[in-house]
Amino acid sequence: MTPLSMPETAGHQAPVHHPGDELLVAYASGNLAEAASLAVATHLALCPRCRHEVNRLEALGGALLDQMPAAPVGDDLLARIMGQLDAPAPVTPRPLPANTDARTDARRAKPAERPLLPQPLRGYVGGDLSALSWRRVMRGVEEAEVKCGPADGESGAKVRLLRIKGGMAMPQHTHGGSELTLVLAGGFTDATDHYLRGDFAETDNSVDHQPVADAGEDCICLTVTDAPLRLTGTLGRLLNPFIKF
Amino acid sequence: MVEIGLYSPASFGRVFRKAQSALQRSNGVERGHADRTATERTMDRHIVDSAETERLNALLVRVGRERDREAFIALFHHFAPRLKSYLQRLGVDAGGADEIVQDVMVSVWRRADSYDPALSAAGTWVFTIARNRRIDVLRRERRPEIDPDDPALVPDPVDPADRAVELEQDTERLHRAIRTLPPEQAELLRMAYFEDKPHSVIAAERNLPLGTVKSRLRLALARLRKAMGEE
Ligand SMILES: [Zn+2]
């Protein structure tokens, strides 16, 4: 595959396709599972509009909290809390993954060498693109799995990066569940919509779609699926028995 | 439409088995306060005007700058009972809720120096701490968040100072707007925030078409945005 280079403007074009209200509310309220939250938060890094929107939805959460009826707390609760104020703060038990080296390098980097993967995704990957090991799925399509979620992982969601060769059509497929897609490089067209870096797509099981990567640059996407993709169409029927996608 | 799997797994149900079904839970919270007079409830809902917002923000700043224990105790009296309601509505039993409230209030004390009243109201700041704490404790998940210093972050073209100017009035307007929402929209908003389940489940439990749940939420958000002077 052709080596990837970021266009000059890549960091500054505003996304056109955003997560819907339901996803943003679920993220702001803390009701979105970790895998889907990773896709939303990585979109936020690329989208000032949605960052502002999430700030407002958090303010809404704060207002709803303020309007909660007051429930009586335990008699000794205040005393227990006051007794803890002078205790040394424990080390954060479960810090977010962060690749310090990648971060330091990134800070020193010239704008043109800005990392392609924004935080929090870069932390989950353990570095920028070079930290990934790609696995060939089919001609022109590679994937790299991203570990995400509790160690005993019961969410069933699958997080991965896909690298699709410029001009390639993905096999036509439907989803048993839903799929979130965030474009990180290149672009693709799905039905009538065009998606570029920062753009976010939500598709559900009613959509039978066939995204086509833009000609030229490879298209790199983060995808979160909560059920395996089911390939449809002739190519899909041919491929289904052979690839576990 | 986004389906169940992308939402948090119902694993906290396993952690807090004592929790009844969500419907019983929310009814239970209401019943628990049935003895309170309507006036008391109304006063609760009216209490946070811009003077109250300013008071809470100033208390939190005092805790951050001066490690002021009196200010902290005043914050405790405002927030602890509300945090407890919030957690109980999420299905945590009374004892478990007290423990999480304790964690959250201790975090408020420890992190108060990072609070900036120009960026958020105290209530918003406390809400985000409580939210993150319950994701950690109840779901055993991490919360992916942006890094404001990330060189890959696309900067906001709008100066954050411009966004902050009218924060206090915004907070009051937001409170007033929530209070004037049609009851079915306000209830749905609370469910979206305080019940850890996807809308398809909320719809099924309430015997409502999913489309109705989604459109009520959209309507509620549109009214709030309008009240906040946008769109
Ligand atoms: Zn956006």
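The values are calculated or read from the model by the stated rules, or taken from the named source; none is laboratory data. As the structure is a computational prediction, the values presented were derived from the model and not from experiment. Heads up, the Cβs are rebuilt from the backbone with ideal geometry, glycines too, and the neighbour counts pull from every protein chain shown. Ligands, DNA and RNA are excluded from the accessible area calculation, which covers all protein heavy atoms including side chains. Shrake-Rupley method; radii C 1.70, N 1.55, O 1.52, S 1.80 Å.
Worth a mention:
- Candidate set from segment A:74-83 (those that are at pLDDT 95 or above and facing chain B (nearest Cβ under 7 Å)); member that is nearest to B:Ser85 (Cα to Cα): A:Leu77
- Filter result for A:Val40 (modelled with pLDDT under 95 and surrounded by 16 or more Cβ atoms within 10 Å (Cβ to Cβ)): no
- Among the conditions (1) more than 7 Å from chain A (Cβ to nearest Cβ); (2) crowded, with 19+ Cβ neighbours inside 10 Å, the only one that B:Gln88 does not satisfy is (1).
- Set A:Glu8, A:Glu22, A:Glu34: member being under 17 Å from the mean Cα position of the chain (by Cα), modelled with pLDDT under 95 and away from the ligand (no atom under 16 Å from the Cβ): A:Glu34
- Residues within segment B:116-142 that are surrounded by fewer than 20 Cβ atoms within 10 Å (Cβ to Cβ) and in a loop (DSSP other than H, G, I, E, B), tallied: 5
- Criterion violated by A:Gln13 - all others in (1) touching a residue at least 40 places away in the same chain (Cβ under 8 Å); (2) open to solvent by less than 10 Å² (accessible area, probe 1.4 Å) satisfied: (2)
- Matching residues, segment A:49-87, being in contact (Cβ under 8 Å) with a residue 12 or more places away in the chain, surrounded by 18 or more Cβ atoms within 10 Å (Cβ to Cβ) and within 16 Å of the ligand (Cβ to nearest atom): A:Cys50, A:Glu53, A:Val54, A:Leu57, A:Glu58
- Put simply, of A:Arg163, A:Arg108, A:Arg122 the only residue that is more than 14 Å from chain B (Cβ to nearest Cβ) and either modelled with pLDDT under 95 or crowded, with 16+ Cβ neighbours inside 10 Å (or both) is A:Arg163.
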